[in-house]
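Novice: Please read through the structure below; I'll follow up with questions.
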Amino acid sequence: MEFDFTGQTALVTGGTRGIGRAISEAFLKAGAKVVATYRSNDEEAENFKRANAGHADCLDIHKFDVTDYEAVEKFYKDIEAKYENFQILVISSGIRSDSIVGMMKAEDWNRVIDTNLTGTFNLSKLAVQSMMRQRYGRIITLTSPIGKFGFAGQANYSASKAGQVAFMRSLSKEVASRKITVNCVSPGFIDTDFIGDLPEEQRKSYKDQIPLKRFGTPEDVTYPVLFLASKESSYITGSVLEVTGGL
């Protein structure tokens, strides 16, 4: 499957590690200019930059917190000053902080909701303002099947992911007349450091639930994202594309 994003600019938040990194690299290989963002892990950002030195002319890396509205606003102003327009936003930034509800700290609830859901609002609102002027755009948010199924110990993460889907469906109706599509990709268990801290017994239990009997790879997610970001997906909006191995 070949994609050509020559002449387009893709913003990928959380784009320097894990699934986000794979998506950034896939866009670079497909000819896009990529702006990858991250919040705090400078070492991983530098590793990502070195690994993609061959695309240095097409890669920018920005550091900011998606929960900080003013920082997001400044980011978009900087991007528009350099690129004028961007066509694609992929929201891959996200965190989890697990605990059962009866023991969950209020700050852990707020931090996960703020990053995963409020961050999605901040990024989408300001992207839409730019895309509406162009009368074109693609917004793809990485959500999770946990928002549909729910897992014990992840009420905050589950709520944030269900909220992303509901937000996407409302936004897709608001901007459809401007040829902006808004969709979600819902990866299941993808073998990155995001699930790397789970106990081995829990990892085995999760794998046993997957009909394909394996965790996904970041690359398993990139093609669905690139397809929804392409011009060929122009009649798909308000949808969730599941990449779960059959969950």
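Novice: About the Cα centre of segment 1-110, how large is the charge dipole given +1 on each Lys and Arg Cβ and -1 on each Asp and Glu Cβ? Please answer in debye to the nearest 20.
Specialist: Details: 13 positive and 19 negative charges, 37 e Å.
It works out to roughly 180 debye.
Novice: With unit charges on the beta carbon (Lys/Arg positive, Asp/Glu negative), name the residue among PHE215, THR244, ILE190 whose Cα is farthest towards the positive pole of the charge dipole of segment 184-247.
Specialist: Farthest along the dipole direction, towards plus: THR244.
Novice: Working from the alpha-carbon coordinates of segment 81-137, get Rg over Rh, Rh being the Kirkwood radius.
Specialist: Ratio value, two decimals: 1.18.
Novice: Kindly flag which residue pairs out of LYS29/LYS231; LYS29/LYS207; LYS77/LYS231; LYS148/LYS179 have an alpha-carbon separation exceeding 19 Å in this structure.
Specialist: Details: LYS29/LYS231 17 Å; LYS29/LYS207 31 Å; LYS77/LYS231 25 Å; LYS148/LYS179 28 Å.
From LYS29/LYS231; LYS29/LYS207; LYS77/LYS231; LYS148/LYS179, over 19 Å: LYS29/LYS207; LYS77/LYS231; LYS148/LYS179.
Novice: Count neighbours as other Cβ atoms within 10 Å of each site's Cβ, and list the trypsin sites (Lys or Arg not before Pro) in segment 167-247 that are DSSP loop with at most 10 such neighbours. Display every interim value, and only then the final one.
Specialist: Details: sites: ARG169, LYS173, ARG178, LYS179, ARG203, LYS204, LYS207, LYS213, ARG214, LYS231; in loops: LYS179, LYS213, ARG214.
Passing both the DSSP loop test and the Cβ count: LYS213.
Novice: Next question, about the same structure. Send over a whole-number figure in Å² for the accessible area per residue of segment 101-169, probe 1.4 Å.
Specialist: Details: 2920 Å² over 69 residues.
Solvent-accessible surface per residue comes out at 42 Å².
Novice: Another question, if that's okay. If you place +1 on the Cβ of every Lys and Arg and -1 on the Cβ of every Asp and Glu, how big does the dipole about the Cα centre of the chain come out, in debye to the nearest 20? Walk me through the intermediate numbers first.
Specialist: Values: 30 positive and 31 negative charges, 160 e Å.
In total the dipole reaches around 780 debye.
Novice: Over its Cα atoms, what ratio of radius of gyration to 2.2 N^0.38 Å does the chain give?
Specialist: 0.97
Novice: Convert 37 °C to kelvin, take the viscosity as 0.692 mPa s, use the Kirkwood radius over C-alpha pairs of segment 166-247 as Rh, and evaluate the Stokes-Einstein diffusion coefficient in µm²/s, rounded to a whole number.
Specialist: In µm²/s, the coefficient rounds to 230.
Novice: Okay, moving on. Quick one: dipole size for segment 127-247, taken about the Cα centre, charges +1 on Lys/Arg Cβ and -1 on Asp/Glu Cβ, in debye to the nearest 20.
Specialist: 720 debye
Novice: At 7 Å along Cα-to-Cβ for each site, give me the label-to-label distance between PHE151 and ASP98 in nm.
Specialist: Once both label points are built, they end up 0.6 nm from each other.
Novice: Along the charge dipole of segment 1-102, Cβ charges K/R +1 and D/E -1, which of GLY18, VAL66, GLY102 sits furthest on the positive end?
Specialist: Of the options given, the answer is GLY18.
Novice: Quick check for you: with a 1.4 Å probe and neighbouring chains kept, what is the accessible area per residue of segment 28-74, in Å²? Write out the running numbers ahead of the final one.
Specialist: Numbers: 2700 Å² over 47 residues.
Accessible area per residue: 57 Å².
Novice: Taking only Cα atoms, what is the 0 to 90° angle, nearest 10, from helix 119-134's long axis to the longest principal axis of the chain?
Specialist: 20 degrees
Novice: In deg cm²/dmol, rounded to 500, what helix-only [θ] at 222 nm does the chain give when every DSSP H run of at least 4 residues adds -39500 (n - 2.57) and the total is split over its residues?
Specialist: That calculation yields -13500 deg cm²/dmol at 222 nm.
Novice: Label points 7 Å out from Cα along the Cβ direction at ILE210 and SER40: separation in nm?
Specialist: Spacing of the two 7 Å Cα→Cβ label points: 2.7 nm.
Novice: Given a 1.4 angstrom probe, I'd like the percentage of the accessible area of the chain that is carbon and sulfur, rounded to a whole number.
Specialist: 51 percent
Novice: What's the extension gain from TYR136 to ARG169 if we count 0.36 nm per residue and subtract their Cα-Cα distance?
Specialist: 10.1 nm
The values are calculated or read from the model by the stated rules, or taken from the named source; none is laboratory data. On a predicted model such as this, the values are computed, not experimentally measured, just so you know. In this analysis, Cβ positions are derived from the backbone assuming ideal geometry, glycine residues included, and neighbour counts consider all displayed protein chains. Surface accessibility is based on the protein's heavy atoms, side chains included, excluding ligands, DNA and RNA. Shrake-Rupley method; radii C 1.70, N 1.55, O 1.52, S 1.80 Å.
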